[in-house]
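Just below is one structure, and these are the notes that go with it.
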Amino acid sequence: MSLTQFDVQPLFAVPYFRASLADAISKEQVEYIKSFKMLPNKQNLISENLSIFEDPKLASIKKAVQEALDVYAKEVMGISQKLYVTQSWSLINQPNIGMHTHSHSNSIVSGSLYYAELPSPASRMIFDRHTTYRQLVINPAQDKQNIYNTPLNVVTPKTHEILLFPSDLTHQVEPNMSDKPRYSIAFNCFIKGKLGDFRDVSHLVL
Ligand SMILES: [Fe+2]
């Protein structure tokens, strides 16, 4: 028997969201964020301040990020509750430095904001389908790779772009192969509002 007719359909898919926030970021703000005190973070550098969006000098950026989160909640998640930023920080990846594999705990949606000019090449963000130890590593052949079976997918960020993605998604950043620092902001978000049903004893007000 030779089976030539079959059908494959998606059951679920994982989104990522991208939009330009160029209009909300001034040259002064870029220089201001670059001047933050930075601390060592495994390989790269992370700002000492972990609530940078609360800085009054970054109010226009905070507002634009909130607008993106409002669109994501309504249009991508399809929910009426509100997403809000819990922590926000800046990062610097010096030449040859990337960002280790990780995911974000106690967060529903996470994001990156490429507030400054990205170096070339920009260092891609690599998303990993697997969130735990892989007992069996069964990767598809190169010419059979598709959205259903790929173990990894990559996103090349653009200057001034915001990227939003589910916080449980494992990701890493490629080493910076340019001779300039790669600047970015990262943040976590949680949800505000009412969940569940009172009579169903699943009611939760956040
Ligand atoms: Fe991250």
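The values are calculated or read from the model by the stated rules, or taken from the named source; none is laboratory data. The structure presented is a predicted model; accordingly, all values stated were derived computationally and were not measured. Neighbour counts are summed over all protein chains in view; Cβ atoms, including those assigned to glycine, are modelled from backbone coordinates with ideal geometry. Areas reflect the complete protein model, heavy atoms only, side chains present, ligands, DNA and RNA absent. Shrake-Rupley method; radii C 1.70, N 1.55, O 1.52, S 1.80 Å.
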Completion exercise
Residue pairs within 6 Å by beta carbon, gap of at least six or interchain, first lying in region 163-188 and aromatic (Phe, Trp, Tyr), second more than 15 Å from the ligand (Cβ to nearest atom), listed first then second, are 183/116
Completion exercise
Scanning region 106-117 residue by residue, those away from the ligand (no atom under 11 Å from the Cβ) and either surrounded by fewer than 20 Cβ atoms within 10 Å (Cβ to Cβ) or within 16 Å of residue 44 (Cα to Cα) (or both) turn out to be 106, 108, 114, 117
Practice task
Looking for whichever is touching a helix residue (DSSP H, G or I) at 6+ places or on another chain (Cβ under 8 Å), away from the ligand (no atom under 16 Å from the Cβ) and under 26 Å from residue 192 (Cα atoms) here; the options are 66, 81. Which one fits?
Solution key: 81
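A quick yes/no check of all residues on (1) within 20 Å of residue 186 (Cα to Cα); (2) of a type outside the set (A, V, I, L, M):
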position: 81; (1), (2): no, yes
position: 89; (1), (2): yes, yes
position: 98; (1), (2): yes, yes
position: 129; (1), (2): no, yes
position: 136; (1), (2): no, no
position: 152; (1), (2): no, no
position: 155; (1), (2): yes, no
Fill in the blank from the handout: Residue count, region 99-113, condition in contact with a Pro (Cβ under 8 Å, 6 or more places away or on another chain) and farther than 12 Å from residue 164 by Cα, comes to 0
Exercise for the section: Hey, could you check region 157-172 for residues that are within 16 Å of the ligand (Cβ to nearest atom) and among the polar types (S, T, N, Q) and say which is farthest from residue 8 (Cα to Cα)? Expected result: 172
Handout entry: For residue 181: the one exception among (1) within 24 Å of residue 115 (Cβ to Cβ); (2) within 16 Å of the ligand (Cβ to nearest atom); (3) of a type outside the set (A, V, I, L, M)
Key = (2)
Exercise for the section: Please enumerate the residues belonging to region 110-159 that are within 30 Å of residue 28 (Cα to Cα) and among the charged types (D, E, K, R). Expected result: 117, 124, 158
Completion exercise
Filter region 62-93 for residues that are of a type in the set (Lys, Arg) and under 24 Å from residue 13 (Cα atoms); the one that is least open to solvent (accessible area, probe 1.4 Å) is 82
Exercise for the section: Considering each residue of region 25-48, count those that are among the basic types (Lys, Arg) and in a helix (DSSP H, G or I), and give that number. Expected result: 2
Fill in the blank from the handout: Of those in region 184-193 that are under 14 Å from the mean Cα position of the chain (by Cα) and of a type in the set (A, V, I, L, M), the residue nearest to the ligand (Cβ to nearest atom) is 186
Problem - Hits in region 1-60 (condition: within 18 Å of residue 187 (Cα to Cα), open to solvent by 60 Å² or more (accessible area, probe 1.4 Å) and among the polar types (S, T, N, Q)) - result: 20, 49
Practice task
Starting from residues that are among the acidic types (Asp, Glu) and open to solvent by 20 Å² or more (accessible area, probe 1.4 Å), keep the ones in region 153-174 and report whichever is farthest from the chain's Cα centre (by Cα).
Solution key: 174
Completion exercise
Selection from region 119-133 of residues farther than 30 Å from residue 204 by Cβ and either open to solvent by less than 20 Å² (accessible area, probe 1.4 Å) or of a type in the set (Ser, Thr, Tyr) (or both) yields 119, 120, 122, 123, 125, 133
